[in-house]
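Chemist: Pasting in a structure now, in structure tokens, and then I'll have a few things to ask.
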Amino acid sequence: MSSPHDYAPHDYAMTVDHLEVEFDTYGGTVHAVRDVSFGLRRGKTLAIVGESGCGKSVTVQALMGLIPMPPGRITRGSAKLGDTELIGLRERTLNRIRGNRIGMIFQDPMTSLNPTMRIGDQIVETLRVHRGMSIREGFKEAERLLDRVRISEAQERARQYPFEFSGGMLQRVMIAVALACSPEVLIADEPTTALDVTIQAQILDLMQALQREEGMSIILITHDLGVVARMADDVAVMYAGQIVETGSVEAIFHRGGHPYTLGLRRATPSNAPGRAQQLEPIAGSPPDLFHPPAGCGYFARCPHAMRICERRMPEPFELTEVSGRADEIRHRARCWLQHAQAPRTEGVNQNDAGREVS
Amino acid sequence: MWRYTVRRLIQGVITVWFIATATFAAMHMVPGDPLGSERATTESIRQNLEARYGLDKPVFPDQYLIFLGNMARGDFGISFTQQNRSVNDIIREAFPVSAQLGVLAVIFAALGGVLLGALTALNRNRLPDVIIMFLVILGISIPSFVFAALGQLAVVRLNDWTGQSLLPVAGWGTFQHMLLPALVLGLGTMAFLTRLMRSSMLEVVNTDYVRTARAKGVPPLRVFWRHQLRNAVLPVITVLGPAIAAITTGGFVVELVFAIPGLGRTFVEAVQQLDYTLIMGTTVFYGAFLVLMVILVDIIYGWVDPRVRLG
Ligand SMILES: Nc1ncnc2c1ncn2[C@@H]1O[C@H](COP(=O)(O)OP(=O)(O)OP(=O)(O)O)[C@@H](O)[C@H]1O
Ligand code: SF4
Ligand SMILES: [Mg+2]
């Protein structure tokens, strides 16, 4: 929703611009990702949130070259890791980046590791491919990595197979695999969704600790706002294949400027003190991605919808920030309510509110 | 793994005992006296047999126990129709022939099935897939003697056309003699394994761990060998036991058609001539062999799949 020159003054590990992904299916073409742009600040965690099917996984899979083609297709856009363009790279070039400069972990650790390979061998594989290590060297390093993800008796564990591990342990192994080559970026696609609550917390703590130690940047996909609050510096809210709001975690949680962000917030249980409010699921369902609407995707469900909303999708509006902190990313929302002439709306953080006062 | 192996071996022994008993019972239920005058060819053979099998004693338990004892010692007795030849000798001579043919056929079937199955799966719904899967249906539904005849015809034509005898049409002796019958013998199983491998490969190509391998930057060829093929081949190994059985029994027909002096042909001839000891001997031998093969395949499976080996 912005072009590269907007990214200053921050130092970005990765930037994505105007990304579009489609899938050919029997029912027609699914427009899964529509004009998505965001920046991942170096050393920070960016959370991508949104309900199921809104295109979170497809977005990051596009960055990793993991979209199955066919039926998938990246029709537009760019994604840069530092100065390296990722979209449209040849498989061979891409394979020097995946697992090396970008690591990735997935939702279900139980099925994400090869059942017939020893844990150690699966870590060694990354080291061999990217670092050309011998098996013996690699195994030593694998043991050290298992140690780093707090798996005890690493020497013995490296010689075991995935079925001998629990889900939480396997996610630690996945993290070890992803971090084997000290990547600049770690992409975690719902890394705790399949795990027990107590284990979830352990995995998140581990990711945080490793981020402090290694300084990598993290893209964290989740639909759990509790996880966002705990982990994220920046947040991108996705709806129906588009990013509808971006901002710092405080801005998104407390000064949300898009009705969907507010709806998402009200639909999520909160254990913050004094916030014992009633849960309100968002009524209705997202639009058909075979024929995405010309206007705002949230139109049919939005309590504040106006006539223009149905006709045109707004470009992002920049919200005037009250915090005024220079190290915060800009707060932007794609909503007509941010237009200077929009009616004042209860509960929505609006631009004109600040403007009129000043 | 050791306990597992021992348990399987004990089960195997029980199975073989069951086969032996059934064979014994069947032989004694066939109408007519096995040693009736037309059958036992000479007086000396007859006397020999009577003494050996206690034929003057009651069938059960005496004859049965003698029979079991002999089988347990691996003594299959003397042929009814081939003078002065023990069944053991006959098996010892004929089995290696069948074994060579069978091994080659199993190699054809397994390698062909795995490679063709993987190829079709990776080219799903494209031309190679469509063509191979059409041939697979032919391979599964056409009986092997038809292939044998067609194969022989093709070889004759080929030899005529080139003016040289590239491949022998029948007989036994050299490696060239083995090629055509082994191919014919393995064809049906190869078709079956191709179909199995294809569906198993299709399940594996888009698994999460294959995606993980790609996300690690593993090159495509290595993804194929280490992650896809190895896991896709597991179901194929589980049916290798029955596949070996199918090829072994298929050998009966193929050995006859190609005039190969193997155990299959020996068995068919023994049945035609009602050579009781030879029938019983080869039946029990076949039974024991197949049981052993199935156990061996299970052990190999355990070696490939750690969940079985260690679980
Ligand atoms: N291989 C595919 N073929 C066709 N459509 C696909 C494919 N992969 C994804 N899609 C479509 O793309 C859209 C976005 O899917 P995606 O997996 O990114 O959702 P998500 O936001 O990750 O949801 P979840 O929270 O359930 O993981 C969905 O409508 C889905 O149907
Ligand atoms: S643009 Fe209109 S319909 Fe869309 S969220 Fe804003 S007010 Fe609602
Ligand atoms: Mg997803």
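Chemist: Out of B:Gly139, B:Gly151, B:Gly186, which single residue is outside any loop (DSSP other than H, G, I, E, B), more than 20 Å from the chain's Cα centre (by Cα) and within 22 Å of B:Val103 (Cβ to Cβ)?
Modeler: On the way: B:Gly139 fails: more than 20 Å from the chain's Cα centre (by Cα); B:Gly186 fails: more than 20 Å from the chain's Cα centre (by Cα).
Checking each option against the conditions leaves just B:Gly151.
Chemist: What is the one condition in (1) under 14 Å from the mean Cα position of the chain (by Cα); (2) without any contact (Cβ under 8 Å) to a residue 40 or more places away in the chain; (3) away from ligand 3 (no atom under 16 Å from the Cβ) that A:Thr192 does not satisfy?
Modeler: Result: A:Thr192 fails condition (3) only.
Chemist: Same structure again: Confirm whether A:Ser37 is away from ligand 3 (no atom under 16 Å from the Cβ), assigned by TED's automatic domain parsing to the domain that holds A:Asp234, farther than 25 Å from A:Arg265 by Cβ and not basic (Lys, Arg).
Modeler: Values: away from ligand 3 (no atom under 16 Å from the Cβ): yes; assigned by TED's automatic domain parsing to the domain that holds A:Asp234: yes; farther than 25 Å from A:Arg265 by Cβ: no; not basic (Lys, Arg): yes.
The answer is no for A:Ser37.
Chemist: Before we move on, is A:Asp17 more than 14 Å from ligand 3 (Cβ to nearest atom) and within 25 Å of A:His223 (Cα to Cα)? Lay out the reasoning, then the answer.
Modeler: On the way: more than 14 Å from ligand 3 (Cβ to nearest atom): yes; within 25 Å of A:His223 (Cα to Cα): yes.
Here the answer is yes, as A:Asp17 does meet what is asked.
Chemist: May I pose another question? If a residue must be in contact with a Pro (Cβ under 9 Å, 6 or more places away or on another chain) and either over 15 Å from A:Pro286 (Cα atoms) or within 16 Å of ligand 3 (Cβ to nearest atom) (or both), how many such residues does segment A:253-266 contain? Give the steps one after another, and end with the answer.
Modeler: First, the residues of segment A:253-266 that are in contact with a Pro (Cβ under 9 Å, 6 or more places away or on another chain): A:259, A:263, A:266.
Subset that is either over 15 Å from A:Pro286 (Cα atoms) or within 16 Å of ligand 3 (Cβ to nearest atom) (or both): A:266.
Counting residues in segment A:253-266 that are in contact with a Pro (Cβ under 9 Å, 6 or more places away or on another chain) and either over 15 Å from A:Pro286 (Cα atoms) or within 16 Å of ligand 3 (Cβ to nearest atom) (or both) gives 1.
Chemist: Does A:Ile175 qualify as being within 21 Å of A:Thr192 (Cα to Cα) and in a loop (DSSP other than H, G, I, E, B)?
Modeler: Values: within 21 Å of A:Thr192 (Cα to Cα): yes; in a loop (DSSP other than H, G, I, E, B): no.
In short, no.
Chemist: As an exercise: evaluate A:His223 against (1) surrounded by fewer than 23 Cβ atoms within 10 Å (Cβ to Cβ); (2) more than 26 Å from A:Glu22 (Cα to Cα); (3) modelled with pLDDT under 90 and give the number of the one condition it does not meet.
Modeler: It fails just one condition, (2).
Chemist: Please determine, by comparing only the residues of segment B:214-235 that are within 7 Å of chain A (Cβ to nearest Cβ) and of a type in the set (A, V, I, L, M), which one is nearest to B:Ala118 (Cα to Cα).
Modeler: Restricting to residues being within 7 Å of chain A (Cβ to nearest Cβ) and of a type in the set (A, V, I, L, M), the top hit is B:Val218.
Chemist: So which of A:Leu113, A:Leu186 is in contact (Cβ under 8 Å) with a residue 60 or more places away in the chain, under 24 Å from B:Trp303 (Cβ atoms) and either aliphatic (A, V, I, L, M) or outside the structural domain of A:Leu220 (by TED's automatic domain parsing) (or both)?
Modeler: Details: A:Leu186 fails: under 24 Å from B:Trp303 (Cβ atoms).
Answer to the check: A:Leu113.
The values are calculated or read from the model by the stated rules, or taken from the named source; none is laboratory data. On a predicted model such as this, the values are computed, not experimentally measured, just so you know. Every residue, glycine as well, gets a Cβ built from its backbone with ideal geometry; the counts of neighbours run over all protein chains shown.
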